[in-house]
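The values are calculated or read from the model by the stated rules, or taken from the named source; none is laboratory data. Model, not experiment: these values are computed from the prediction. Note that each Cβ is placed from the backbone with ideal geometry, even for glycine, and that neighbours are counted across all protein chains shown.
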Amino acid sequence: MDPTRISTQVSVKHCSLCQGDTEYYCFKCQQDLCIQCKKLHVVDLGTKHHIVTSYTEKMKYPPKQVKSLQSQDPKQVISAPSQDPDNHESRVMPFIGHKPKKSQPPLWLSPLERSELQRQQYSDRIYQLRGETIYYRSVLLEGLKHDRETGHKAVTIRGQSKAEMRGQGLKDLIDEVLAGDLVDRCIIQKTRMTRHMSKLLRYYHRYEQLSETMETRPIKFLRIMTRKHSPRKDTMKTIITMLVNLMKEIRLVPSGIPRRAGVEDLLTLLSSPVVQKSLSVTGVEYCSHISCVTPDRVWVSDYNNLILTDTATGKQLHSVEDPLDLVTGKHTVNYKGELIYIDKERNIIKLCNDMKTTTTLIKHTDTTWEPLCVYCSPSSGDLLVGMCRLDTDTVTYTGKVMRYDNTGKYKQTIPHNDNTPHTLYKDPWFITENNNGDVLVSDLSRHAVVVTSGEGVHRFSYTGPPPSGSRLLPAGICTDVMSHILVSDPITGTVQMLDRDGQFLSYVLTEQTPGMDYRPCGLSYDVTTHAVYVGSHNNNTMSVCQYINRHTHLTDEREHDSNPDKEQSQPGQR
């Protein structure tokens with residue numbers, strides 16, 4: 001059929017972000033994506049957790065429920081993607097009472113259901129490869145390119161200098177050997193020439209006397225052979241042995257350490273932080289403290305409420321009945337995602353993920369000290385508990401930090417009287433730990449962020465940004481993967497960023513930031529998306545702020561191509 005005679009109009013669906021051809025679809029953003037925009041979408045920290053599938057996957061048949069032939073349990077179903085474009089719910093694995101073994105799908109499943117089950121079984125691995133591994137390898141590749149360009153010269157110079165030193169030593173040895181042999185050969189040659197000249201002289205006298213006889217016979221041509229002076233075989237063996245021994249000393253010693261990309265290679269600070277979204281949290285009047293569990297689950301508290309919140313909708317998923325009645329950092333989560341909080345009786349309680357089982361980790365027995373805040377170290381699992389007491393004689397508060405292991409066994413007290421002042425803390429309301437082991441405390445009465453080392457030695461106290469003398473009311477505090485310190489100040493309505501040594505770097509959020517129509521209080525850092533959750537001091541608003549992102553240009557082949565001579569395809573063309 002002649003394609004020029006086709007009169008039917010063809011509608012080409014373009015990417016929602018550029019003019020490229022649509023090949024993928026994001027259920028979370030409800031956007032059509034071309035292949036390049038999809039690569040950026042699954043790498044960007046703000047969207048890497050979105051569900052992105054091929055566009056043809058979006059057009060499959062509605063899901064079917066298939067009962068198990070053995071149990072006939074309707075919960076054990078295999079679900080295929082829905083054809084309904086308005087259905088953007090995440091597809092999850094079917095309910096199974098035990099962990100399934102990797103095996104072939106049952107024969108009674110249809111091909112569509114079999115492929116869907118296999119894809120779900122490997123969904124975590126696909127997600128890891130797509131969103132993490134490929135980007136990590138891209139960063140390593142970029143570092144290798146840089147090393148190839150800049151390191152070759154340095155390596156060559158060092159190699160040449162070392163080779164010249166070794167070569168000079170070898171040359172000196174060879175010259176020494178050859179020099180001694182040359183003297184011997186010259187002496188021997190001189191002796192031979194002397195003997196030869198004496199023999200010629202004798203022949204000359206003999207032939208002179210027998211001239212008549214010599215006239216009748218040809219005279220044998222006498223000549224002196226000039227031989228090429230080369231080392232003798234025994235000398236050559238010595239030189240070869242010395243050369244081999246010298247080359248044996250040149251070794252390539254492997255370090256045994258694989259090449260790794262650092263945090264600075266993987267992440268970068270955004271010049272302008274962005275408030276990705278804001279939501280109203282149901283069940284609290286304000287968001288004084290936040291503990292992040294996953295990107296879609298966070299614990300939020302106000303004065304007397306502590307709830308688990310869905311970050312997509314702001315709806316309440318669970319509520320704790322007996323939290324401490326204070327606006328402090330009274331809860332945290334451990335590496336398993338289990339909640340650890342201070343109850344009304346000042347005990348430290350652990351709530352398991354089933355939301356039913358509770359364990360008392362630390363029983364409050366010393367009534368002179370009252371726990372105000374708690375933090376679980378992600379590296380060691382230790383519990384850091386900020387405490388204070390009231391001196392009734394002077395009507396002043398004194399604070400301290402106590403460290404326990406994950407079972408509630410006492411380990412350490414900060415400060416130590418022998419190396420830091422006993423009045424280091426007054427009101428430790430919020431507490432956290434940095435990557436280098438520093439313990440950070442927001443002290444409300446001191447108007448400062450007090451930082452000590454892991455051993456309890458005072459390092460510095462941050463009292464506010466420049467100019468000096470600025471008054472700070474520290475509230476929520478957290479650290480990020482780059483060891484930056486983030487602290488909120490409800491008085492100035494800002495979130496301030498410091499380096500690990502307490503130097504002010506910048507304002508992450510201010511009252512002029514779009515979407516910030518409240519004064520921040522609670523802070524929590526999400527290690528998965530590298531975003532910070534900010535809670536309002538005025539109302540129940542919670543925002544997600546992105547101030548760190550990846551080097552997305554490493555995956556954008558349209559603008560950054562390692563081969564400039566390679567012909568690049570234009571958007572909209574195949």
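For Asp391, are the conditions met, namely being surrounded by fewer than 16 Cβ atoms within 10 Å (Cβ to Cβ) and acidic (Asp, Glu)?
So Asp391 fits the description; yes.
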_Breaking point among (1) among the aliphatic types (A, V, I, L, M); (2) modelled with pLDDT of 65 or more; (3) assigned to a helix (DSSP H, G or I), for Ile257_ = (3)
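Table: residues versus (1) at pLDDT 95 or above; (2) more than 19 Å from Asp427 (Cβ to Cβ).
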position	(1), (2)
Tyr335	no, yes
Ile340	yes, yes
Thr365	no, yes
Thr368	no, no
Cys373	yes, no
Thr398	no, no
*asked:* Just to confirm my filter: which strands (runs of 3 or more DSSP E) fall fully inside the stretch 274-330 and include at least 1 residues that are closer than 18 Å to Asn538 by Cα, among the basic types (Lys, Arg) and without any contact (Cβ under 8 Å) to a residue 12 or more places away in the chain?
replied: none
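Among the residues of the stretch 371-393 satisfying the criterion of being assigned to a loop (DSSP other than H, G, I, E, B) and not hydroxyl-bearing (Ser, Thr, Tyr), which is nearest to Tyr525 (Cα to Cα)? Before the answer, list the steps.
Just the residues of the stretch 371-393 that are assigned to a loop (DSSP other than H, G, I, E, B), to begin with: 377-382, 392-393.
Of the ones still in play, those that are also not hydroxyl-bearing (Ser, Thr, Tyr) are 378, 381-382, 393.
Details: Pro378: 12, Gly381: 17, Asp382: 18, Asp393: 40 Å.
In this case the residue turns out to be Pro378.
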*Can His458 be described as touching a Lys or Arg at 6+ places or on another chain (Cβ under 7 Å), touching a residue at least 40 places away in the same chain (Cβ under 8 Å) and not acidic (Asp, Glu)?*
no
*asked:* Looking at the structure I just gave you, is Thr398 more than 19 Å from Leu308 (Cβ to Cβ), assigned by TED's automatic domain parsing to the domain that holds Glu455 and loosely packed, with under 13 Cβ neighbours inside 10 Å?
replied: no
*Considering each residue of the stretch 501-525, count those that are assigned to a loop (DSSP other than H, G, I, E, B) and among the hydrophobic types (A, V, I, L, M, F, W, C), and give that number.*
1
*Only residues that are of a type outside the set (A, V, I, L, M, F, W, C), surrounded by 15 or more Cβ atoms within 10 Å (Cβ to Cβ) and over 31 Å from the mean Cα position of the chain (by Cα): list them for the stretch 319-336, please.*
Asp322, Pro323
_Inter-residue pairs, beta-carbon under 6 Å, first assigned by TED's automatic domain parsing to the domain that holds Asn434 and in the stretch 364-378, second among the acidic types (Asp, Glu) and surrounded by fewer than 16 Cβ atoms within 10 Å (Cβ to Cβ), 6+ apart_ = none
*Counting only residues that are over 16 Å from Trp369 (Cα atoms) and among the basic types (Lys, Arg), which one in the stretch 398-417 is nearest to the chain's Cα centre (by Cα)?*
Lys411
*Can you tell me which residue in the stretch 473-500 is surrounded by the most Cβ atoms within 10 Å (Cβ to Cβ), limited to those that are touching a Cys at 6+ places or on another chain (Cβ under 7 Å) and in a strand (DSSP E or B)?*
Ser488
*Is there a residue in the stretch 362-370 that is crowded, with 21+ Cβ neighbours inside 10 Å and either in a strand (DSSP E or B) or not basic (Lys, Arg) (or both)?*
yes
